[in-house]
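Working notes, structure below.
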Amino acid sequence: MAPTTIAAPSSCMLLKTPFSLKRGSKALSLNNGRRLSKRLFSCNAIYNPQVRIKREGQPKTLNYRVFFEDASGKKISPWHDVPLHLGNGVFNFIVEIPKESSAKMEVATVELYTPIKQDTKKGKLRYYPYNINWNYGLLPQTWEDPSFANSEVEGAFGDNDPVDVVEIGDSVMAQNLRLSEQWFRDHKSDEEK
């Protein structure tokens, strides 16, 4: 069974720029439509002792929540209060679903302090049919506009959530990209149905 540690704040150092923040916009852009190299970026976890997590409730229950706290113990929002940019090409990345786990965890966008909770469908906890092979999460202080059709991703509309991120290790990049694409087709698009 996969460990239950989730939501560790980490930061990513971009070696190349697969996405960027357009001037005057809060939306992320995928490299202005240019063809991207297979080696997009490398992401290394950086422990941040100024942000801690606090678990409330029992894992695998409807009331389980993972809250974020600052150094003084005050609850903060991983979506709204953690900065996107750290400088020098380093971005914060909030892991919602850790590698080798199957519980579909997500930031609770309508709850106070936006804790991370397990997603539900028809009142039941959701799981993927297999453990995912990457860390999955969000970029803080971003938002996917549901009224905007993004031509850089085949006209897909935003889902009214923070921008999704998949952390992929260098050694298994090509395989994970194929698996990521298939996973998004099979599972992420099903959420909209």
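The values are calculated or read from the model by the stated rules, or taken from the named source; none is laboratory data. Bear in mind the structure is a predicted one, so any value in this text is a computation, not a measurement. Heads up, the Cβs are rebuilt from the backbone with ideal geometry, glycines too, and the neighbour counts pull from every protein chain shown. Surface accessibility is based on the protein's heavy atoms, side chains included, excluding ligands, DNA and RNA. Shrake-Rupley method; radii C 1.70, N 1.55, O 1.52, S 1.80 Å.
For the range 72-81, putting each phi into the Karplus relation 6.51 cos²θ - 1.76 cosθ + 1.60 with θ = phi - 60° gives couplings of 8, x, 7, 5, 10, 8, x, 7, 9, 9 Hz, in residue order, rounded to whole numbers and with x for Gly and Pro. Kirkwood analysis of the Cα pair distances in the range 52-181 returns a hydrodynamic radius of 16.0 Å.
Here is the list for the range 63-134: GluC sites (Glu not before Pro) lying in DSSP coil, each with at most 14 other C-beta atoms within 10 angstrom of its C-beta, are 100, 111. List the residues of the range 131-145 whose backbone N lies under 19 Å from a point placed 7 Å from the Cα of residue 74 along the Cα-to-Cβ direction. Counting backbone N atoms under 19 Å from the label point, the list is 141.
Using a probe of 1.4 angstrom and keeping all protein chains present, the accessible surface of the range 52-181 works out to 53 square angstrom per residue. Between residue 60 and residue 86, the contour length at 0.36 nm per residue exceeds the alpha carbon distance by 6.1 nm. Normalised by the number of residues in the range 52-181, the average gap of Cα pairs under 8 Å and 6 or more apart makes the relative contact order 21 percent. Projecting the Cα atoms of 88, 110, 59 onto the dipole axis of the range 52-181, where Lys and Arg carry +1 and Asp and Glu carry -1 at the beta carbon, places 59 farthest toward the positive end.
Ignoring any ligand, DNA or RNA, what whole percent of the accessible area of the range 52-181 comes from carbon and sulfur when the probe is 1.4 angstrom?
After summing per-atom areas, the C and S share lands at 52 percent.
The candidates 81, 164, arranged from most to least accessible area with a 1.4 Å probe in the full protein assembly, appear as 81, 164.
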